Amino acid sequence: MSFQPVILWTDALVYLLVFLLAITVWHTRRHQHLLMPWRRVAQSRIGQATMVILAFYVIVGLLDTLHFNPRSGEDEQGRAVYSTEVLSALDVIAGPLRTQREKTYSAPFATHLFSKETIERASGETVRDYPRLQYGGAHLAESGEGRVADVFAKAAFGALKGALVWLLLMLLLHRLRVRRVAHLLMPGSTHPWQIGGWTALLVLAVFAALWELAGYYHVLGTDKVGEDVFYQSLKSIRTGLLIGTLTTLVMLPAAILLGIMAGYFRGWVDDVIQYLYTTLNSIPGVLLIAAAVLMMQIYMSNHADEFNSLTERADLRLLFLCLILGVTSWTSLCRLLRGETLKLRELEYVQAARAFGVGHFRILVRHILPNVMHIVLITIVLDFSGLVLAEAVLSYISIGVDPATSSWGNMINGARLELAREPVVWWSLLAAFGFMFTLVLAANLFSDVVRDAFDPRLRRQR
Amino acid sequence: MSAYIIRRLLYALPILIGVNALTFVLFFVVNSPDDMARMHLGGKRVTDQSIQAWKEEHGYDKPLLINQAEQGMAKFTGTILYEKSIRLFLFDFGQSDSGRDISHDISQRMWPSLAIALPTLLVGLAVNITFALLLAFFRATYLDLWGVVICVAMMSISGLFYIIGGQFLVGKLLNLVPISGYDTGVHAWKFLILPVIVGVIGGIGSGTRWYRTLFLEEIHRDYVRSARAKGLSEQWVLFRHVLRNALIPILTGVVVVLPLLFIGSLLTESFFGIPGLGSYTIDAINNQDFAIVRSMVFLGAVLYIIGLLLTDISYTIVDPRVRLD
């Protein structure tokens, strides 16, 4: 299958983020003192388990970032013509999950639709009944008999596949030494990555089981327009991660620059910067976001022809949301950095550097910046979970991501009124909350571990 | 003291001017009044006449900064900057885009907001402090460990889940109270109780954890050690010494949000159909009523600054070491 790669704005920023991360990792690996706190994170049991779960989310998100236009045919000269539809690598892997749409709601693992319809039988008579799903459980008999046994068999088969993949992965990571892998599985052994290994096994087995089942059923049901909820939840991972990371990425340069400048230069620079963040801070965040998003909506609807496609428009809206969330959240980091720099600039080594005639810029970059980086890191990790949760809330008040973007907030928003139905349509809500909860819980626990490992003040208390 | 308050109020002025300038740029420069008119009248095929008519009707037909057509002071007062922005300083919010008097709406709608927000804050405070003291008392035991784990888990649940879950469980399954709505007077309680419970439960995770950290910080201080050394019981130490000293940061954290309670919570109010300022803002966002959103941004900033001022004053009251001169 030939294709034409597409790089949306957020994609470009994600690639930038991955690039920066790679440089950071490379730099950290070469310096013992930088590596030390990360070792402490990796030694912690919670640290290992949460890292594996976060890695799983990140992989799904990255797969969903590789966008392209599929080939739709050829023109007269035999040149390839590409469709304007934007797909991602995740869509390709998910394949039938994306395309197999039912008519409307159906419960998880259902074989029949959720609402009654008038069906015409082969004999010509019409009855009102629950129609059979087109794809969900299509391999079963008409009545859907033997479903429970089938589900368990398929789940076990899928889990086995996941375990095999895990085994292969572990063998590769341990450079094919079988005894080390066996050591990893032994309860109470001294293998340093035991918890991480077990978590990975669990995650892979559960996911593979769901994946295997998703080929035959709608594991988490379908939504109002018949789209698979499991697929939607997976697609929403990218949005959640983007909001959590890009927001910090876009606000970081301003926060660091202004924060350390205010603390280092003091005087009128400090006054101006303090005025700036006090002013921004005094507007309640939600209201500022609402005002800004409202203005952007008007701009977009009045300049609709500036956007090539709906995908591009939704993508820019997501980016703008990250920007405006960044504007409201940089102030706290800026204040922290200012305070820390105020302390650092009076220390002997900075005084000595100044006495030697080292320039301001060099002092800031060589002496101040490296010593406030732990604060920056802790803030990034702490902010992440809050931002993921904020996305859902903002999408609910319709000042969040574009309605066309799949996100947990949009899923919740679309499904919440269905709780009034009888019987209740609960699966969309539960899927969105479940995926979000897992990510946020992992991020919260991880941020605690990171803070404990990096904050020198906390370490002394122990 | 009064000199200090006056000075602080003067400090607040440039900040409010900044907020005002920001909203002015956001609402009138990023998108011109023409754009707004087009948005309201719908789509691109709108005649210039109808745009002009809409602008005249809502008072957006004046120039932005300087009105050359007028004489004297009217050069500056006959502009959008003066009529729509500077008037906010006098708390004259003008008319909303749908023609209602915003000041009147705000004075009507802040009481339901307060009726929800204040009990939520007070009950939440009591519950959180109780739990945090319990965890601090049993610190470094399994009770403490699991308490913190539950707190983190509760923090990780989206606020939407608490609201939707609460409405579903209490309102629909158990049928105890109405799911949403509001009533004036004494009968309001059955509409208020569910939002308050949901708000309190939603805040337990982060609140308890934060207060526990504060208590633990105090517990490691020297005065606590001396209190124990002279033979006081652990309960006495905790309630008489740790709690009273930890109340200083707790109180200041509470005072700063007190004025903002008038604005209420956007989420809670729209879910429970409370006619407060939060749902007022949401309605304005959905109807794209810029005048209301602009007024709320300004009001929010004013209340926040009042909160900061109250915080500083409350410091002098609870902590005799702090003097404001």
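List of remarks:
- Förster radius 22 Å - calculated FRET efficiency between A:Ala352 and A:Arg266, Cβ distance, rounded to 0.05: 0.70
- Of the listed residues A:Met411, B:Met39, the order by accessible area with a 1.4 Å probe, largest first, is B:Met39, A:Met411.
- Peptide A:271-284 has a mean of 5 when you count, residue by residue, the C-beta atoms of other protein chains within 10 Å of its C-beta.
- Linear extension gain, A:Leu172 paired with A:Val424, 0.36 nm per residue minus alpha-carbon span: 86.1 nm
- Shown is the FRET efficiency for B:Ile313 and B:Ile17, computed with R0 = 35 Å from the Cβ-Cβ distance and rounded to the nearest 0.05: 0.90.
- Each chain gives up part of its surface: B and A jointly bury about 3900 Å² of accessible area, both sides summed, for a 1.4 Å probe.
- Dipole check for the protein assembly as shown: with +1 at the C-beta of Lys and Arg, -1 at the C-beta of Asp and Glu, and the Cα centre as origin, the magnitude is about 3520 Debye.
- Helical mean residue ellipticity (222 nm; -39500 (n - 2.57) per DSSP H run of 4+; nearest 500) of the protein assembly as shown: -21500 deg cm²/dmol
- Modelled this way, with points 7 Å down the Cα-to-C-beta line, the labels at B:Ala229 and A:Glu312 are 7.3 nm from one another.
- Among the protein heavy atoms of the protein assembly as shown, carbon and sulfur supply 65% of the accessible surface, probe 1.4 Å, non-protein parts ignored.
- Per residue, the protein assembly as shown exposes 50 Å² of accessible surface when a 1.4 Å probe is rolled over the protein heavy atoms with every protein chain present.
- Were the residues from A:Val18 through A:Thr126 laid out at 0.36 nm apart, the gain over their Cα-Cα distance would be 33.1 nm.
- Summarising the label geometry, the points placed 7 Å from Cα in the beta-carbon direction at B:His220 and B:Met1 lie 3.6 nm from one another.
- 18 Å cut-off, amide nitrogen to a point 7 angstrom out along A:Ala42 Cα→Cβ, residues in region A:371-387: none
- Per-residue shielding of B:166-179, expressed as the average number of other chain Cβ atoms within 10 Å of the residue Cβ, stands at 1.
- Note on B:13-20: average number of Cβ atoms from other chains within 10 Å of each residue's Cβ is 3.
- Long hydrophobic helices in chain B: the complete DSSP H runs spanning 24 Å or more by Cα along their own axis with mean Kyte-Doolittle hydropathy of at least 1.6 are B:290-318.
- Chain A: angle of helix A:229-265 to the longest principal axis, Cα-based, in degrees nearest 10: 10
- Check: region A:7-84 dipole with +1 on Lys, Arg Cβ and -1 on Asp, Glu Cβ, in debye: 820
- Rounded if a/c under 1.5, otherwise prolate or oblate - region A:229-461, Cα gyration tensor axes: prolate
The values are calculated or read from the model by the stated rules, or taken from the named source; none is laboratory data. Please read all numbers here as calculations on a predicted model, not as lab measurements. Cβ sites come from the backbone with ideal geometry, for glycine too, and all protein chains shown count toward neighbours. Note: accessible area is taken over every heavy atom of the protein model, side chains too, but ligands, DNA and RNA are not part of it. Shrake-Rupley method; radii C 1.70, N 1.55, O 1.52, S 1.80 Å.
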